[in-house]
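First comes the structure, then the notes that go with it.
Bear in mind that the values in this text are calculations on the coordinates, not laboratory data. Keep in mind it's a predicted model, so treat the numbers as computed, not measured. Don't worry about glycine lacking a Cβ; one is built from the backbone with ideal geometry, like all the others, and counts go over all protein chains shown.
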Amino acid sequence: MCLAAFVANAGRADVNRDGSVTAVDITAVYNVLLGIDNSYIITADVNQDGVVSAIDITIIYNVLLGIEPDPEPQQLVVAAYCPYYAGNRLPNPFIVTHINYAFAEVYVRNGNYVSFALQDDDNTSILRQLIAFKQDNPDLKICLSFSHTVVNSDNYQDGGFSAIAATDDNRRRFAQDCLNFCQQWKIDGIDIDWEFPGLSWSGAACNPAVDTQNYTLLMKQLRQTLGNRYLLTFAGYVKDKQPTTGGFRYIDIAAVEPYVNFVNLMSYDMDAAPNFQSAINHPASYWDCQRAINAYAAAGFPMNKIVLGIPFYMRHAWDGTNAVIDYRNLSSLGDEYVIDNWSDAAQTPYVTRNGTFFGSYDNAQSIAIKGQWAHQLGLKGMLYWECSEDDDNKTLSHAVWNAVMAPANQ
C-alpha cells in the first residue's frame with residue numbers, strides 16, 4: 001500500500017497537515033508504529049504479509065526520510081480473453097483491468113520467422129473496438145495474445161513457435177515486430193499462448209529436446225526488446241516442466257518468472273466427465289487448482305504473479321458433440337439436462353443428463369469461493385476464457401470482478 005493510506009486524515013505522511021513532511025511527521029509516524037503514540041491511526045503492512053513488523057517500520061521510516069521510494073501497491077488483475085469471433089459480445093471495460101485480444105498467429109517458412117497477423121485474415125475490427133475502450137477507461141490494459149494455432153487462409157503450420165524460439169535471429173525479429181505492433185496500435189503488451197513447448201497440439205511443430213529451454217530464451221528476448229514499458233504475460237499450464245521422451249514438455253516456470261509480469265494460469269480443462277474440470281481441490285480429477293498452485297509454489301513462482309483462470313463454459317469431453325457448451329447456452333439445454341447441480345467436494349456446479357454426470361463449469365457461487373481462496377493465497381487476480389461465452393447480463397464477468405475487487409475494498 002502507498003503512504004497515502006498509512007496515515008488517517010492526513011496527506012502523504014504529512015501528519016500535522018502543514019503542507020510539508022517534516023521531522024515532526026517522521027517522529028509521529030515512527031512513534032505510532034512503535035506503539036509509543038496512539039494519537040494517529042497508521043496501517044503499515046508495507047510488504048502485505050499480514051503483519052506490521054520491524055521491516056515495515058524501517059521501510060516507512062526510510063520512505064519518509066527519502067532514502068527509498070514509496071512501495072507500490074499490489075495491482076489486482078481481472079483479465080478477459082476476447083477472441084476475434086466475439087462479435088458484439090465484448091467485455092465490459094469497467095469490470096476488467098486487462099483484455100487479451102485473441103489471437104495473433106505466426107508465419108514461419110522453412111524454419112524462418114516471416115511475420116505475424118491477426119487471426120480472421122488480419123481483420124482489425126474487434127481490436128479497434130477494444131482499444132477504443134481505453135477512452136472510457138484510461139486505466140484499462142490491452143494486450144495482444146499469440147496462439148500456436150493456424151486459422152488464416154494464407155497460413156499453414158511450418159515450424160511455428162518451436163522454430164521461432166530456436167534461433168537468436170528469429171527471436172529478435174519476432175520480438176521487434178511485437179514492439180512495433182505495440183507502438184503502432186498503442187496497446188500495453190504481449191501475451192504468449194504457446195500450448196505448449198515440447199508438445200504438439202493442433203498440428204503445431206514441437207521439439208522436446210530444446211523447446212522448453214528455447215521458450216525461456218524467447219521470453220527473455222521479448223522482455224529485452226519490449227523493455228519495462230510493456231507488459232509480458234503468458235498462458236501457463238497447471239504443471240511445471242515435465243520430462244518426456246527426448247526431453248521436456250511445458251514451461252520452465254522458475255526460468256521464465258524473471259521476465260514476465262504475471263502468468264495467466266489455465267486452471268480449467270484439467271479433466272473432463274465424469275470428473276471436474278476446474279475444482280479447487282478434488283483428488284479424483286486428473287488435476288485441480290490446488291495442485292496447480294502447489295506446482296508453481298514449489299518452483300518458487302511468486303503467488304502475487306499468478307492470475308487464476310476461470311472457464312466460461314461447461315466441459316463434457318475433449319471432442320465430439322457438446323464437448324463444450326458456453327455458459328450462456330446452458331439454460332437452453334433440453335429437458336434431459338439439469339444444469340444447477342452442486343458438488344460440495346469440488347465446490348463447483350455440474351450438469352447431469354438423464355441423471356448422469358455430463359460436465360462441470362463455474363458459476364457466480366463457485367467464482368466467489370475461488371475469489372476468497374485466491375485472496376487467502378495472495379494471488380494477483382483472476383482471468384476468464386472467454387468473454388463471448390457469458391450470458392447477456394454478464395453474470396460471470398460481474399462475478400469475477402466482485403470476487404477479485406470486493407474483498408480488496410473491504
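Stretching ASP340 away from THR167 to a fully extended chain increases their span by 57.2 nm, per 0.36 nm per residue minus the current alpha-carbon distance. Dipole size of segment 77-409 about its Cα centre, with +1 on Lys/Arg Cβ and -1 on Asp/Glu Cβ: approximately 1020 debye, rounded to the nearest 20. Summing charges over neighbours of GLN277, with a neighbour being any other residue whose Cβ is under 11 Å away from its Cβ, gives -3 when K and R count +1 and D and E count -1. With 20 Å bins beginning at zero, the pair-distance distribution over Cα atoms of segment 77-409 amounts to 32, 61, 7 %. Projecting label points 7 angstrom from Cα along Cα→Cβ for LEU377 and GLN242 puts them 1.8 nm apart. Other residues lying with their Cβ under 14 Å from the Cβ of LYS186 contribute a combined charge of +3, Lys and Arg counting +1, Asp and Glu -1.
Between segment 271-348 and segment 361-410, the C-alpha centres lie 14 angstrom from each other. Count Lys and Arg as plus one, Asp and Glu as minus one, and take only other residues whose Cβ is under 12 Å from that of LYS241; the net charge is then -1. The distance between label points at ASP121 and ALA254 comes to 4.9 nm (points 7 Å beyond Cα on the Cα→Cβ vector). About its Cα centre, segment 329-410 has a charge dipole of approximately 400 debye under the convention of +1 per Lys or Arg Cβ and -1 per Asp or Glu Cβ, with nothing else charged. Normalising the average separation of contacting C-alpha pairs (under 8 angstrom, six or more residues apart) by the number of residues puts the relative contact order of segment 195-238 at 29 percent.
The relative contact order of segment 77-409, computed from alpha carbon pairs under 8 Å that lie at least 6 residues apart in sequence, is 16 percent.
Could you list the residues of segment 260-294 with an amide nitrogen less than 19 Å from a label point located 7 Å from the Cα of SER202 in the Cα-to-C-beta direction? Inside the label zone: 264-271. Please tell me which of these pairs span more than 30 angstrom C-alpha to C-alpha: LYS186/LYS305; LYS220/LYS370; LYS239/LYS380; LYS220/LYS394? Result: LYS220/LYS370; LYS220/LYS394 exceed 30 Å. Using 1/(1 + (r/R0)^6) with R0 = 25 angstrom and r between the beta carbons of ASP154 and GLN183, what's the FRET efficiency to the nearest 0.05? Plugging the Cβ-Cβ distance into 1/(1 + (r/R0)^6) gives 0.50. Rounded to the nearest 0.05, the FRET efficiency derived from the C-beta distance between ASN110 and ALA297 at R0 = 41 Å is 0.45. Here the residues ILE369, ILE293, ranked from fewest to most Cβ neighbours within 10 Å of their Cβ, fall in the order ILE369, ILE293.
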